[in-house]
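Reading through the C-alpha cells given below for one structure.
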Amino acid sequence: MTKTANSAKQYGILVDMDYCLGCGICVIACKQENNLPPFTDDEPTAGGHAWNQVLSITNGKYPDLSRHYLPVHCMHCEEPPCLPACPKDAIYKREDGFVLIAKGKCNACVDQPDGVMKCVPACPYGAIQFNEQKGVVEACTLCVHRIDADPKAQPACVRACIGRCLSFGDFNDPNSAVSNKTKLAGKENVFVLKPEKNIGPAIKYIKPKGVSVDKVARLDLSEKMYGFKKQSHV
Amino acid sequence: MPKTETGTKVLKTACYLCHGGCILLAHVKDGKLIKMEGDPDGPHNRGSICEKGNAAIQYIYGPHRLKYPMKRVGKRGENKWQRISWDEALDTIAEKLTYYRDKFGGESIVYGWGTGRVIDNIPFKEFFGTVIGTPNGIGIGHLCLTKTRMPAMTVTTGKMPPPPGFAINRDFEKANCIVGWGDTIIDSRNDFMGAGGTRIADALRRGCKLIAIDPVYTRLAQKSSIWLPIRPGTDIALALAWQHVIIFEGLYDREFVEKWTNAPFLVRMDTRNILRRSDVEKGGNPDHFVAWDTISRAPVIWNSTEVAYEKPNVKPAMSGTYDVKLADGKVIKCRTAWDVIKENLKEWTPEKASEVTWIPAEKIRESAIMYATTKPACIEWGVAMSQCARSTAINQAILQLECITGNFDVRGGNACWLFPKFRNVGLGSRPGIGLPRGQAEKRVTGGFPFSSEQELTIAPSAWQPGVWKQIVTGKPYPIKVYFACDSNPLVGHEKPDRYIIQALRDKLEFIVWADITMTPSTQYADILLPSCTPLERDWVSNSMEAGVFAGQKVIEPVYESKPDFFIYRELTHRMGRGDIWPWKTEEEWCDWQLEEMGITFRELTKTCFTPSPEDWKKYETGLFRKDKKPGFQTTSGKCELYSSVLEKYGIAPIPLFSYPLQSYEKNPELARDYPLILITGSREVNYPFFHSQYRQVPRLREMQPFPMVMIHSDTAAQNGIKDGDWVWVQSKFGKSRFKADVTPRIMPRVVSVTHSWWYPELPPPYGVFESSCNILVDPELGADPGTGTTELRGILCKVYKAEGPPPGVVDKEQGGA
C-alpha cells in the first residue's frame, strides 16, 4: 500500500464486523444528515439516493450457514482513482484525508464528447452516485461539515449505529479511536476491500472472529441489502 | 435549552414511534423539526437511533397526515370528506355516544386501540369504561403478549400488585446467556423497549452467550452460540425437552423448586386433580392445598391465606405416592405435583423432541445445558408464542423454565420490574373510575377465561374476533358504534375480509376514528379526528420498560391535529363527566402522574427517563404480594408449576404438547395440496416499520418497498420461482401475493410473509387485501382454550408464481401497473 505524502492525516472509519447487525441505520442516518433526495411521494417504491450501502454475505447450506454484513461507501482512498479520472478537476483530496467533490465544478460530464461520467466507473467500490435531480455526482463526505464544525463530532452513520460497530478517526494518529481499535483487534485482523488496487482505502474492517482474513477479503459483494441505487452505467 | 449558533434548538425527548425506550435529541429550527439524533445519555440506546426515529420528520410532515376533523359525505370507503370544526366533531360524537349508550346500553359501543402511538389509550379506556359503560374494548391483546405472557405469569408467578410489573421483562444488561425464542431481538427490538440491537451488541462484547430459536437464520441466529432451527408451531416440545434435560440431569435450582413452588403439593390419582383442603376436610377452603410431611409421615395442610403450612417444622415430600384419607372417609392414592410433572416430561427426551421440532437432538441437549448452567440467563420470547392456539401451554412452559432454573426475578434473568411510584390512570385507578355494575358481565369474551375472569386478567379486554362477528350477526345483542384510537383492523386483525369489512362498511351505525394518518381502516369512519404524533405533545409513560419516560413536545401540533388528551378531556366534559378528567393541560396531567415520585414533568424532561428501583427476588421480601407476605400473588401463594387455576377452568394444569391445528401429522390430506408451512409477521427482511405503520414514510419504505415472502432456494426452484418474482401464497382460507426473497436462510419447508401490509400510494382502500397475511389465516380454525389466541402462524400453504405485482403497484424490476 503506497503512502501519500500530501495527507498528513487520514480520517476514515473502522468497521468491526462482529457487531454490525445489518440494520441499515447508517444508510438512513446519512440520508437525513445530508438531505439526500427522497423519492417522490407518488412513487414511493422507486428507490431514493444513498451515499452508502450495506452488503450481506451469506455462505453455506441450511442449517449450516454464516452471514456477515459490510457497510460500504466512499473509501476516501489515500490515492483515489476517481480524482485523476475527473476531467473538470472537481474531485479533490484534503490534507486531512477527506476526498470531496467540489460544488459547482461537476456537471456529470455532460459536456464530454462521449457524455459518459468518468469518475463513476473509476471507483472500484461503486461509491460515486449520480444525482439526476441536481445533475451532479455525489459521494460520502464522511460528514465533513460536522467534523469541520466540531472536531469531536462523528459522521452521522457512526453516531447512529445500533451495534456500535463503527469508529471514526485519523488512521495516521496512533492515539485515535481507529488506531486504538486496530491495535486491540490486531493488525492482522484488519482488512480493506480490493487490496489489490493498492489505493489505500480509509474504510477498514475488523474481520469477524473465527473467519480467516483470506476468506473475508475475497467476499462476494454481490448481495446488496439496502443503500446505493442500482446504476445501469456502472 | 441548548442553542446552537444557527438558531437551532436541541430538545431532549423520549421516543414512542414503537413502544419507546430510546431517548432522542430533536433539532428544531423556526418551530420545525429538522433532525433527529440519539441521545448519548439515553440509558438504553446510548446515542444510537433507529430508522423510525430518524425518519420521524417525514412521518410528521408527510402528506398522509390527517389535517383537520372531517365528516364523511360519500358512502363509507368512497373517500369523500368535508372539513368540520373540532366543536362540531366533538358535539356530534358526544351526542351520538350519549344516544347509543342510553338507548342500547354501553355495551353497544365498542372501542378499539392499536399499539399506542398516541399513548393515551389508557385514559381512553377510562372514558369508555366509566362514562360509556362499555366492557367491550378491543385492542391487539390476543395477538400480542398481553393475553399470553401475562396470563402465564398470572397463573404461575401471580398477579403483581398494581401497577403491575410484567414477567415479560428481562435484563439484557447483566445476562450471561440470552435466549431469543422466536424473537430476533435485533430486528424486532431494535428499539422496542429500548434498543435491543444495542444491547445485543453489548452482550456480545462482554462474551454473553446467545441462543436463537427460529426457523429462519435471523440476525440473532447469525450472532448466536447456538441456533436451533425449529419447525414452526412445535415450541412446546422444545420447552418440554429443555425441562426434561434440566430436571432429569439435575440442573434445576433445587432450593427454589422445593421452597418456593407448589411442586410438593399432592395430586389425586383418581381424578388427576390437585388435592384441595375441601377434599380432605368437610367445608375446607378449596384454595388451600395438601402436602405430605416426611417428618410426621402424614398429610399437612398448606394454608394459602397464611402462605404457610399449618404445622411447624414441615419437610414436604418432593416425590412419592401416598394414601390420603378424604373427608368422606375414602382413602385415595396421591402423588406429588413434582412427580406428575416429571411423569409428563419423561417421554420428552431431546430425541423425541427432535422428531417433532426437527432440531437435532444434540443441539437441544447442548442448548438446555447452556441455558441452565450459564447464570444468570434470560429468555425473550416472541409473539409466535402468542399467535397460535397453544399459547397458554407454551407461555407457561417457558415461564416454568425461568422458575426452575432460578432465573426468575434475578438480576440478569427474567425480571419483574417494580415501577416507581407512578400514578397510572385507567379503570379502577381512582374511586369512581370503573365499569358500572353489571357491565363487565356483558363483555364479549368468546368464553375464554382469560377474557372473562377478572382474577385472571391484568388488562381485561373483549375477544376481538368475537366482537367483529357479533357486530355482523347482532347476537346476542347489537353492537352499533365503533370508536377507534390509532387502530387499523382491516390491516392488522385476522381474516379482515369476512366480518371486519362487513362491520365497517355495512353494519356499524356510527364510526369515529382518531388517528395520525389516513389508513385503509380510517376510510370507513363517519368522523375522522386528527391525532398528534408523540413528538407533538407532552406525555409520560411507564409502559413496559423498567422506569418512567417523559416525552416532551418538541414542536407544536401540525395542522389542526390535537393530542388525544384533548379529545378525552373534551368528550368527558361534553358528556357531563368533567369530574373524572380535571386536568387542563397535558403537563398538568403529567405532573399529577409523577407527583408521588416527587418530580415534576419539566424536571423529568432533563433526562426524560428515570429507572425503576432495583429490587430482586421479591418473593423473598413480600413485594410480590398485596399482604406483603413472602411468596407469590397466586392462589396458593407459591410459584405454581402445577397450576391450580388452570385446572379450575378446565385447562391442563401443566403444559402438554399438541401439534399445530394444521400440520402434516393432523391433516395429511390437506398437506398434499398445501405442502408448506406458513409463518406470518416475522421481522426478517429489513423491517423498518411498526406493524401496520409507516408504509407511507419514504425513507422507511425504501428500506423495504414491498411485502416479501421468504422462500428457500430449493423450494423456490421446485416451484419455478426466482428471486424478485411476485408469488401467490395460498392457504385453505385465502390467497395473497408477495415478492419473493429467495434465500438459503429459511427452512426449506417453511415460507415467511410480511405482515400488516398496505399500499398508501394506491387509491383507497390502498390495496388492503392484496398482500395481506391476515386473509391467509382464520380465527375459526380454532383458538387456545385459555386465552383465545388464534392460529396465525404454522398453518399449511402453497406458493406459485403470480403474473406480476397487484394491480396498480409499480415494481420497476417486474413491470406491472
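Just so it is clear, none of the values below were taken in a lab; they were calculated from the coordinates. This one's a predicted model, so the numbers in the text were calculated from it and none came from an experiment. Heads up, the Cβs are rebuilt from the backbone with ideal geometry, glycines too, and the neighbour counts pull from every protein chain shown.
Details
- Principal axis extents of the Cα atoms in the range B:94-139, from largest to smallest and rounded to whole angstrom, are 32, 17, 15.
- Qualifying GluC sites (Glu not before Pro) in the range B:347-424, DSSP loop, other Cβ atoms within 10 Å at most 15: B:347
- Once both labels are positioned 7 Å from their Cα atoms along Cα-to-Cβ, the gap between residue B:615 and residue B:272 label points is 4.1 nm.
- Set B:29/B:223; B:315/B:346; B:147/B:333; B:29/B:606; B:125/B:507 screened for pairs whose C-alpha atoms are more than 30 Å apart: B:29/B:223; B:147/B:333
- Reduced Cα scattering model of the range B:1-88, Debye log10 I(q)/I(0), q = 0.14, 0.19, 0.26 Å⁻¹: -0.65, -0.87, -1.24
- Taking the fewest neighbouring Cβ atoms within 10 Å as the starting point, the ordered list for A:49, B:19 is B:19, A:49.
- For the range B:243-358, the pair-distance distribution built from all alpha carbon pairs, in bins 10 Å wide starting at 0, is 14, 41, 29, 12, 4, 0 percent.
- Beyond 47 Å, the tail of the calculated P(r) for chain B holds 20 percent of the Cα pairs.
- Helix axis angle, B:464-473 relative to chain B longest principal axis, alpha carbon, degrees: 60 degrees
- Within the range B:775-817, backbone nitrogen closer than 17 Å to the virtual label 7 Å beyond the Cα of residue B:671 toward Cβ: B:794-799
- Inter-label distance for residue B:473 and residue B:297, nm, one decimal - labels placed 7 Å from Cα along Cα-to-Cβ: 6.0 nm
- Once the chain from residue B:502 to residue B:87 is taken as fully extended at 0.36 nm per residue, the excess over their C-alpha distance is 146.4 nm.
- Normalised by 2.2 N^0.38 Å, where N is the number of residues, the C-alpha radius of gyration of the range B:364-435 stands at 1.53.
- Base-10 log of normalised Debye intensity for the range B:56-167 (one unit scatterer per alpha-carbon) at q = 0.11, 0.13, 0.14, 0.23 Å⁻¹: -0.57, -0.77, -0.87, -1.35
- Rounded to the nearest 0.05, the FRET efficiency derived from the C-beta distance between residue A:111 and residue B:34 at R0 = 41 Å is 0.70.
- With the simple spin-label model, which puts each label point 7 Å out from Cα in the Cβ direction, the residue B:205 to residue B:326 separation comes to 6.3 nm.
- Ratio Rg/Rh [Cα only; Rh per Kirkwood] for the protein assembly as shown: 0.98
- Amide H contacts under 5 Å for residue B:740: B:709, B:724, B:725, B:726, B:727, restricted to partners 5 or more places along the chain or on a different chain, H placed in the peptide plane at 1.01 Å from N.
- What the Kirkwood sum gives for the range B:769-817 is a hydrodynamic radius of 13.5 Å, with every pair of different alpha carbons counted.
- Shape index of the range B:668-801: Rg/Rh, with Rg the Cα radius of gyration and Rh the Kirkwood radius from the inverse mean 1/r over Cα pairs, equals 0.97.
- Using a Förster distance of 51 Å, the FRET efficiency for residue B:629-residue B:602 (Cβ separation, nearest 0.05): 0.80
- Available extension along the chain between residue A:35 and residue A:153 is 40.7 nm, counting 0.36 nm per residue and deducting the alpha carbon span.
- Overall Cα dimensions of the range A:11-227, principal axis frame, Å, largest first: 51, 42, 33
- Against the rule of thumb 2.2 N^0.38 Å, how large the Cα Rg of the range B:312-468 comes out: 1.43
- Loop-located trypsin sites (Lys or Arg not before Pro) in the range B:426-514 (DSSP state other than H, G, I, E, B) with a sparse environment of at most 12 neighbouring Cβ atoms within 10 Å: B:437.
- Zone residues, the range B:666-705, relative to residue B:800, backbone N less than 11 Å from point 7 Å out along Cα-to-Cβ: none
- Our estimate of slack between residue B:173 and residue B:61, defined as 0.36 nm per intervening residue step minus the Cα-Cα distance, is 36.7 nm.
- Degrees, to the nearest 10: B:391-404 long Cα axis against longest axis of chain B: 60 degrees
- Computed from Cα positions, the angle between helix B:361-373 and the longest principal axis of chain B comes to roughly 90 degrees.
- Overall dimensions of the range B:615-744 by Cα: Rg and Dmax, Å: 23.3, 65
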